[in-house]
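Down below is the structure, laid out as structure tokens.
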Amino acid sequence: MAKSKNVEELSSEELFALAKQKEAEERERQKEALRAELDKLRAEKKEMLARHRKEVAAIDARIRKLGGRTGGRTGGGNVSAGILDILSDKKQHSTKDIQAQLQKRGIVANNLAQTLAYLKRQKKVKSPKRSIYTIA
């Protein structure tokens, strides 16, 4: 359309259309650059995770060779069993109290609310009030 004409000879409508076209082309180039950067970062992440898995596997192998156990939950202990043990005194305990007692025992319970909800569904604990639990 306006490519054969000199810019001075273009009408305002033609200039506007040309500007819109250039703007769309620039947006597309920017999108393509972002896609390329995302692909590069994803590939870098994938390589890093693969290296990490290999390093962890090597350390696990060394631990097993020395007679230790690998895998499982960090912090040791079973969260559900720890909660049931704490509640076995038949007293009411708040979630903060349960969390503190689990920490004293070396049990990491990042998912305490979910575990308590699970134990409630299993009818192993009951909750007379919000955030208060007792053995069922």
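Taking 23 Å as the limit for the C-alpha separation, the pairs LYS5/LYS31; LYS90/LYS129; LYS90/LYS120; LYS96/LYS126; LYS31/LYS54 exceed it in the case of LYS5/LYS31; LYS31/LYS54. Checking (i) 16.5; (ii) 21.3; (iii) 14.7 against Kirkwood radius over Cα pairs in Å calculated from these atoms, the matching label is (ii). Listed by chain and number, the aspartates and glutamates placed with their C-alpha closer than 17 angstrom to that of LYS40 are GLU32; residues fewer than eight positions away on the same chain are left out. Among LEU38, LEU87, LEU15, which one shows the biggest mean-square fluctuation in a GNM of the chain, springs joining Cα atoms closer than 10 Å? Result: LEU15 has the largest fluctuation of those listed. Heavy atoms of the protein chains alone define the surface here; on that basis the chain has 81 Å² accessible area per residue at 1.4 Å probe size.
Full extension of the chain segment joining LYS90 with ILE132 gains 13.9 nm, where the gain is 0.36 nm per residue of separation less the Cα-Cα distance.
Here's the list of aspartates and glutamates a cross-link from LYS45 could span, going by alpha-carbon distance under 16 Å and ignoring same-chain residues fewer than 8 apart: GLU37, GLU55. Between ARG64 and VAL108, the FRET efficiency estimated from the beta carbon spacing at R0 = 30 angstrom works out to 0.85.
For the chain, the share of accessible area belonging to carbon and sulfur comes to 53 percent (1.4 Å probe, ligands and nucleic acids excluded).
Dipole of the chain computed with +1 at Lys/Arg Cβ and -1 at Asp/Glu Cβ about the Cα centre; of GLN101, LEU87, ALA33, farthest Cα towards the positive end is LEU87. For the pair ASP97 and GLU13, label points projected 7 Å from Cα toward Cβ lie 8.2 nm apart.
The values are calculated or read from the model by the stated rules, or taken from the named source; none is laboratory data. Since the structure is predicted, the reported quantities are computational estimates derived from the model, not experimental observations. Here Cβ is always computed from backbone atoms with ideal geometry, including for glycine, and neighbour counts include all displayed protein chains. Ligands, DNA and RNA are stripped out before the accessible areas are found, and what is left, the full protein with its side chains, is counted by its heavy atoms. Shrake-Rupley method; radii C 1.70, N 1.55, O 1.52, S 1.80 Å.
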